[in-house]
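Only one structure is covered here, and it is reproduced in the block below.
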Amino acid sequence: LTGAGNEYECILPFENRNIRPVNDLQLVKFPDIAINETLIINVDRAENEPISKDEKCVIVDLHAHVRGLDSCDYEYSLLLKNGEMTFNVPVIRRIRPDVIKTFPDEIHVELSGFVARIPVRFLEAGSYEIYMVAKSIFSRQILLNKASVTLDLMKE
């Protein structure tokens, strides 16, 4: 059950069967900007999700949008941070009709879904903070916010 909306309702996880694992992670410098809670992040899943016995992966499934502004006016990036290491993770954007119910007054919020399947071979064991960056396509505005949950990776 989810209580994220105005009422409790049954919710099933979004279909992730066709999400291919990312090919590579880019090591980047963590942005030197302040956290801005105008960028809303809600992580639905950040957990192990093996796709075969040969390929062990983790999945990060979330929605993110900029409060009070058109979400289509921003380009979004997912960052995973473990200590001094920060990775830019390629994400697939997808429609999230459930988010419209939670944020009915936001513009284009149905386009706020992001998902990435990450092979564990790219990451060291540990706890990764999840961040999103939103860059305006019309100005130099860059927003950064941190999710309230972490991705905890244990390797066998």
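Quick notes on this one:
- Condition met for Val120 (buried (at least 19 other Cβ atoms within 10 Å of the Cβ) and not charged (D, E, K, R)): no
- Selected residue (criterion: surrounded by the fewest Cβ atoms within 10 Å (Cβ to Cβ)) from residues of the stretch 70-97 that are free of Cβ contacts under 8 Å to residues at least 24 places away in the same chain and assigned to a loop (DSSP other than H, G, I, E, B): Glu84
- If you go through the stretch 28-49 and keep only what is in contact with a Ser or Thr (Cβ under 8 Å, 6 or more places away or on another chain) and not in a strand (DSSP E or B), you end up with Lys29, Phe30.
- Scanning the stretch 42-69 for residues that are farther than 22 Å from Pro119 by Cα and open to solvent by less than 30 Å² (accessible area, probe 1.4 Å), we see that the one that is nearest to the chain's Cα centre (by Cα) is Ala64.
- Filter pass, Tyr128 being under 19 Å from Leu151 (Cβ atoms), of a type in the set (Phe, Trp, Tyr), touching a Ser or Thr at 6+ places or on another chain (Cβ under 9 Å) and surrounded by 16 or more Cβ atoms within 10 Å (Cβ to Cβ): yes
- So Ser148, is it among the polar types (S, T, N, Q) and touching a helix residue (DSSP H, G or I) at 6+ places or on another chain (Cβ under 8 Å): no
The values are calculated or read from the model by the stated rules, or taken from the named source; none is laboratory data. In this text the structure is predicted, and so the values were computed from the model without any measurement. So basically every Cβ, Gly included, is an ideal-geometry build from the backbone, and we count neighbours across all protein chains shown. What goes into the accessible areas is simple: the full protein's heavy atoms, side chains included, and nothing from ligands, DNA or RNA. Shrake-Rupley method; radii C 1.70, N 1.55, O 1.52, S 1.80 Å.
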